[in-house]
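Take a look at the structure set out below.
The values are calculated or read from the model by the stated rules, or taken from the named source; none is laboratory data. Because the structure is a prediction, the values reported are computed rather than measured. Glycine gets a Cβ as well: all are built from the backbone with ideal geometry, and neighbour counts include every protein chain shown.
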Ligand code: EPU
């Protein structure tokens with residue numbers, strides 16, 4: 001695909017040849033031929049209109065904590081949301097409404113809630129990424145997920161039309177949401193509803209969530225769990241029993257602590273990570289006959305490769 005030429009109102013927000021590796025938690029991947037980074041809803045509308053008219057497809061990148069970017073030059077245009085990070089708080093009785101841009105940092109909102117003694121986000125202890133990414137993938141743990149605190153979401157559809165969706169009208173599932181569908185649009189902002197509680201209660205809920213993370217490789221360059229849990233089982237357990245812990249491909253390693261995490265252990269390439277993930281998937285298929293589904297999203301790869 002040729003480099004796209006940006007309309008006047010967007011020129012300052014568009015970069016060419018932009019390195020994506022620093023925008024992902026795996027710290028791998030090549031350069032985007034075209035990247036646009038809107039800072040507000042107005043420039044998001046312009047960006048969505050532009051990309052949906054000029055390109056076959058584009059990739060929405062938030063905190064990069066669930067994304068594998070391919071090595072080399074990335075043809076697919078990237079829309080980076082992290083500039084849309086404004087957060088406002090409104091109260092109504094004991095309800096706290098957190099109005100946040102799609103690019104707002106989940107960890108910062110979590111920390112604010114813990115400091116203030118607001119309940120509802122405790123499950124998100126240790127979760128990286130942006131609010132937009134958390135909503136699209138319905139981020140969560142067995143202790144809860146983000147769908148339960150969504151009051152409303154504003155999306156920009158492909159023609160640039162802005163729509164307000166009520167949290168209850170959105171389809172939510174395990175690590176998926178109606179916001180994931182191709183025609184769902186790009187999230188501009190969301191309102192989360194938390195409740196005033198006591199700081200010690202919130203802190204003890206957070207401790208329970210942190211305890212569940214002790215088996216994870218905190219501090220390593222990973223993208224969280226690579227695969228979704230299949231119904232009634234744990235991908236980590238299946239990968240572990242299949243002998244995946246500690247496996248290496250190039251600079252990529254399966255965490256010796258938790259088999260569903262792949263680490264960029266030693267200057268890994270994206271290809272190393274993908275090849276290691278495929279090897280692990282095959283091992284589970286051979287031993288249990290189960291096809292694990294990817295939780296991570298891939299950009300810049302041939303579709304067939306990641307869907308295998
Ligand atoms: N297990 C093993 N070996 C392993 C890993 C896990 O035997 O290498 C076993 C554990 O002992 C446990 C079971 O598998 O009996 C479940 O493991 P764990 O409690 O670690 O939870 P998980 O299902 O692997 C899920 C989420 C995590 C979240 C934790 C919090 C998914 C795919 N993963 O992990 O979310 O932090 O629960 O408890 O739903 C993420 O989605 O990126 C993520 C990190």
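Here are a few things to note about the model shown:
- The range 222-248 - residue that is over 20 Å from residue 140 (Cα atoms) and part of a loop (DSSP other than H, G, I, E, B) and, of those, nearest to the ligand (Cβ to nearest atom): 245
- Failed item, numbered, when residue 85 is tested on (1) out of contact with any helix residue (DSSP H, G or I) (no Cβ under 6 Å at 6 or more places or on another chain); (2) at pLDDT 95 or above; (3) within 16 Å of the ligand (Cβ to nearest atom); (4) over 17 Å from residue 195 (Cα atoms): (3)
- Restricting attention to the range 119-133 and to residues that are under 9 Å from residue 106 (Cα atoms) and in a loop (DSSP other than H, G, I, E, B), the residue that is nearest to the chain's Cα centre (by Cα) turns out to be 129.
- Annotation: residue 289 fulfils all but one of (1) under 19 Å from the mean Cα position of the chain (by Cα); (2) free of Cβ contacts under 8 Å to residues at least 12 places away in the same chain; the unmet one is (1).
- Checklist (1) in contact (Cβ under 8 Å) with a residue 60 or more places away in the chain; (2) on the phi < 0 side of the Ramachandran plot; (3) out of contact with any helix residue (DSSP H, G or I) (no Cβ under 7 Å at 6 or more places or on another chain) applied to residue 63, failing item: (3)
- Qualifying residue in the range 195-203 (condition: assigned to a strand (DSSP E or B) and either more than 10 Å from the ligand (Cβ to nearest atom) or within 30 Å of residue 258 (Cβ to Cβ) (or both)): yes
- Against the list (1) away from the ligand (no atom under 13 Å from the Cβ); (2) under 21 Å from the mean Cα position of the chain (by Cα), the condition residue 266 fails is (2).
- Checking each residue in the range 204-221 for being surrounded by 14 or more Cβ atoms within 10 Å (Cβ to Cβ) and either in a helix (DSSP H, G or I) or away from the ligand (no atom under 13 Å from the Cβ) (or both) picks out 205, 206, 209, 212, 221.
- Candidate set from the range 239-263 (those that are closer than 15 Å to residue 292 by Cβ and under 21 Å from the mean Cα position of the chain (by Cα)); member that is surrounded by the fewest Cβ atoms within 10 Å (Cβ to Cβ): 258
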